[in-house]
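Novice: Quick one: the structure is below, and I'll ask about it shortly.
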Amino acid sequence: MAKLSDLHNAIVKGNLELAVSTTQEALQENIDLQTLISDYLIKGMEEIGTQFEAGKAYVPNLLMSARAMKGALELLKPYMENDKNTISLGKVVIGTVKGDLHDIGKNLVSSMLEGCGFEVINLGVDVSDEKFVEAAKEHKAN
């Protein structure tokens with residue numbers, strides 16, 4: 001049986017391998033997707049965020065946690081698309097503005113939005129305002 005506290009702890013500690021293996025176990029046991037996302041993935045990210053705000057965690061910790069969450073979400077995505085109980089909160093177009101090649105913050109925000117139930121269209125880095133507008137129209141972003 002999947003030990004779901006391991007999933008929460010994997011996110012907080014930024015342990016990609018544990019996050020993925022625990023998510024795989026949970027999927028095999030048909031544990032509710034929304035429970036996995038809301039009660040373990042998002043709560044784990046909230047905890048590491050609180051630690052960051054308190055000066056007990058740093059940007060590398062946030063990045064590792066986001067990477068662990070993204071690994072778990074990649075496993076959940078196919079199930080979320082087929083799950084009639086998973087409610088999409090809408091579509092979001094995200095990218096790093098023209099002239100900026102840094103994507104750490106964008107990737108953190110993307111992971112959190114996906115975990116909360118948004119469909120994220122990630123345009124990458126160095127994106128012009130015209131591309132943002134085109135993508136928003138094309139994907140009917142909210």
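Taken together, the values in this text are just the output of simple stated rules run on the coordinates, not laboratory data. Given the structure is predicted, the values throughout are model-derived calculations rather than measurements. All Cβ positions, even for glycine, are placed from backbone atoms using ideal geometry, and neighbour counts span all protein chains on display.
Novice: I'd like the per residue volume of the convex hull spanned by the Cα atoms of the range 1-111, given in cubic angstrom.
Specialist: Measuring per residue, one finds 108 Å³ for the Cα hull of the range 1-111.
Novice: Right, here's the next one. Relative to the longest principal axis of the chain, what angle (0 to 90°, nearest 10) does the C-alpha long axis of helix 59-82 take?
Specialist: 90 degrees
Novice: Would you mind calculating the gained length between residue 58 and residue 139 on full extension (0.36 nm times residue separation, minus the Cα-Cα distance), in nm to one decimal?
Specialist: Details: separation 81, 0.36 × 81 = 29.16 nm, distance 3.46 nm.
So the extension gain works out to 25.7 nm.
Novice: With θ set to phi - 60°, apply the Karplus curve 6.51 cos²θ - 1.76 cosθ + 1.60 along the range 93-102 and write out the HN-Hα couplings as whole Hz, x wherever there is a Gly or Pro.
Specialist: 9, 9, x, 9, 4, 3, x, 10, 9, 8
Novice: Angle, helix 104-116 long axis vs. longest principal axis of the chain, Cα atoms, 0 to 90°, nearest 10?
Specialist: Compared with the principal axis, the helix lies near 60 degrees.
Novice: How large is the translational diffusion coefficient of the range 88-142 in µm² per second when you combine the Kirkwood radius over alpha carbon pairs with Stokes-Einstein at 10 °C and 1.306 mPa s? Intermediate values should be presented prior to the final figure.
Specialist: On the way: Rh = 11.2 Å.
Translational diffusion coefficient: 141 µm²/s.
Novice: Follow-up question, since we're still on this one. Among the listed pairs 56/98; 56/131; 13/131; 106/140; 13/77, which are separated by more than 29 Å between their Cα atoms?
Specialist: Details: 56/98 33 Å; 56/131 38 Å; 13/131 36 Å; 106/140 20 Å; 13/77 22 Å.
Beyond 29 Å between Cα atoms: 56/98; 56/131; 13/131.
Novice: Would you mind getting me the FRET efficiency between residue 77 and residue 46? Use the beta-carbon distance for r and R0 = 22 Å, nearest 0.05. Intermediate values should be presented prior to the final figure.
Specialist: Details: r = 21 Å, r/R0 = 0.96.
After rounding, the FRET efficiency stands at 0.55.
Novice: Quick one: which residues, 5 or more positions from residue 127 or on another chain, have an amide H under 5 Å from its amide H? H modelled 1.01 Å from N in the peptide plane, none for Pro or chain starts.
Specialist: Hits under the 5 Å cutoff: 96, 97, 98, 99, 100.
Novice: Tell me the label-point distance for the pair residue 130, residue 101, using the 7 Å Cα-to-Cβ offset, in nm and rounded to one decimal.
Specialist: So the two model labels end up 2.2 nm from each other.
Novice: If I fit a long axis through the Cα atoms of helix 129-138 and take the longest principal axis of the Cα atoms of the chain, what angle between them do I get, 0 to 90°, rounded to 10?
Specialist: On a 0 to 90 degree scale, this one is about 60.
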